[in-house]
Amino acid sequence: MPPADPRESLARWIESSRSTALAVVGDGRVTAASARFSALDHGEAWRWLSGPHARVRYASLSELVRAEATTLAPAPYLSRFERGGQTIEVRLERLESGEAIAMVHDVSAETRRQREVQRDREALLHEERMHAMGVLASGVAHDLNHALNVIALRVATLRADPALTSVRRTLDGLGRVVSDAARIVARLQDLARKRRDRPSDPLDLAAVLTGAVEMARTETDTAGVRIEADVPPLPLVRGSAAELLHVFGSLLLHAREQMPDGGIIRVRAREDRGRVLVTIRDDGPGLGEEDVSRLFDPFSGVAAESALGLSVAFGVMSRLGGSLQAQSRQGEGTVFTLTFPLAAPPQLTRHPPPAPRRQTRRILVVDDEADNVDVLREVLELEGQRVSTARSGPAALALFDAGERFDLVLCDVGMPEMSGWNVAREIQRVAPGTEVWMLTGWANEIGESDPRRRFVRGVLAKPLEIEKLRLLLTAPQPDTPTPDRAAQP
């Protein structure tokens, strides 16, 4: 019996295969193809799934296998291509006859699973990185706020010295520098999504946005980038001018980076159904879907030099109760949309309350840092207060156990032997109704709904503003303990 003709076997394989699209390429054309191959041969263009040739397009599957077969080496060839949501794997092998056979498998489902696994892995890594950065940022912010607190209170004591009246202007300048430094430190917590405080003062957003645009114009004009702004008068929103200047500045910087050869940045603002919308659009090359999803990740590398600024901006908008979103398509630029909730209308006081009188109180300062204890004692004594100190939680509780009572307790949170929250809880157990305030460099990270607040009257931030301390000292003292301040297990 004569041996079977290899070409007849190949033809039967082409016709009978149910899972593989098959074709034979020779002399620069497709000489044979299965029905599955013909079905894939029509429709949108195919492109490389990844790699240096990702921009190459093939109008049809026939064109793809013809082009790739022209440079086919004796070794087999394997690559993946996609169009829309469909992905194929193409294997080309050179036959003894000199022709090439193309075997094509639809691997769309497998590719989707791989991408989902990759997204899950990247999300987990991102979460771990953000957690690690949050721990680092929180510790650095606490330590810097501690140092700034000592400086701020020392400046306050120097300002109170009559002999230093001639340098009052210099001391005022130092105080402003400390305040600015504290705001910069707070950006670390925004970067790590650690901050929980929300500004409550109403803000003229139109003025802040216009100021940010004017500052950006000084740099964009020299780079061939023009800013077109349409910012009408807007309702008041809730926020901080310094923080939002940083937000708008970061977004405008990113827009400028997307247009190294020049272009137009369009800034628009309007009121929309009880909120204010701001859009910042550039004429850059745009981003792919995956890059857009990672734009606010400071570790992704998508935003290049503006990565940290965009991440901080996202944290600020989330903390303000608003939102920051990005939309982009390749070839169509990028648009950022910021949403701001409106501020509550200010409440007018018909009859201003009488000016409060300073009261002499017995105050306990609890802090494990000697510098903070010493300078806070000095400031309080300059304000006419009677001050006792304790360098640890157990030392503070020992004073209460010995029968001593205080009108006010200022307590640090992070102490080695016993946290400030535990100290406050034990104080309420021993002396219910005692007015306890936390004084901490982590104040921005403690939300209004934090359950630990039930043991304290409030939280003061380091560096401590002297005016806030004076308001606390002039506030009327509670007559009786409130039930929610009572000790709880």
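The values are calculated or read from the model by the stated rules, or taken from the named source; none is laboratory data. Just so it is clear, the structure is predicted and the values come from calculations on it, not from any experiment. Please note: Cβ atoms are built from the backbone with ideal geometry, for glycine as well, and neighbour counts cover all protein chains shown. The protein model used for the area step is the full one, side chains on, heavy atoms only, and it has no ligands, DNA or RNA in it. Shrake-Rupley method; radii C 1.70, N 1.55, O 1.52, S 1.80 Å.
Exactly one residue out of 207, 181, 216, 229 is in contact with a strand residue (DSSP E or B) (Cβ under 9 Å, 6 or more places away or on another chain), part of a helix (DSSP H, G or I) and modelled with pLDDT of 80 or more: that is 216.
Just one of the listed residues (32, 39) is assigned to a helix (DSSP H, G or I), of a type outside the set (D, E, K, R) and out of contact with any His (no Cβ under 7 Å at 6 or more places or on another chain), and it is 39. If you filter segment 91-122 down to residues that are part of a helix (DSSP H, G or I) and of a type in the set (Gly, Ala, Ser), you find that the one that is farthest from residue 81 (Cα to Cα) is 109. Each residue in segment 420-475 was checked for being under 21 Å from residue 150 (Cα atoms), at pLDDT 90 or above and among the aromatic types (Phe, Trp, Tyr), and 1 of them qualify.
When segment 240-261 is filtered for residues that are in contact with a helix residue (DSSP H, G or I) (Cβ under 7 Å, 6 or more places away or on another chain) and either small (Gly, Ala, Ser) or not in a helix (DSSP H, G or I) (or both), the ones remaining, listed by number, are 241, 242, 249, 250. Looking at the structure I just gave you, is residue 245 under 24 Å from residue 444 (Cα atoms), more than 21 Å from the chain's Cα centre (by Cα), modelled with pLDDT of 80 or more and hydrophobic (A, V, I, L, M, F, W, C)? The answer is no for residue 245. Look at residue 479 and say whether it is modelled with pLDDT under 85, open to solvent by 50 Å² or more (accessible area, probe 1.4 Å) and charged (D, E, K, R). For residue 479, the condition - modelled with pLDDT under 85, open to solvent by 50 Å² or more (accessible area, probe 1.4 Å) and charged (D, E, K, R) - is met. Taking each residue of segment 61-74 that is surrounded by fewer than 18 Cβ atoms within 10 Å (Cβ to Cβ) and looking for partners that are among the β-branched types (Val, Ile, Thr) with beta-carbon atoms closer than 7 Å, six or more apart or interchain, yields nothing.
If you go through segment 412-438 and pick out every residue that is farther than 20 Å from residue 359 by Cα and either among the hydrophobic types (A, V, I, L, M, F, W, C) or part of a loop (DSSP other than H, G, I, E, B) (or both), you end up with 16.
Considering the conditions (1) at pLDDT 80 or above; (2) crowded, with 19+ Cβ neighbours inside 10 Å, residue 330 is excluded by exactly one of them, (2).
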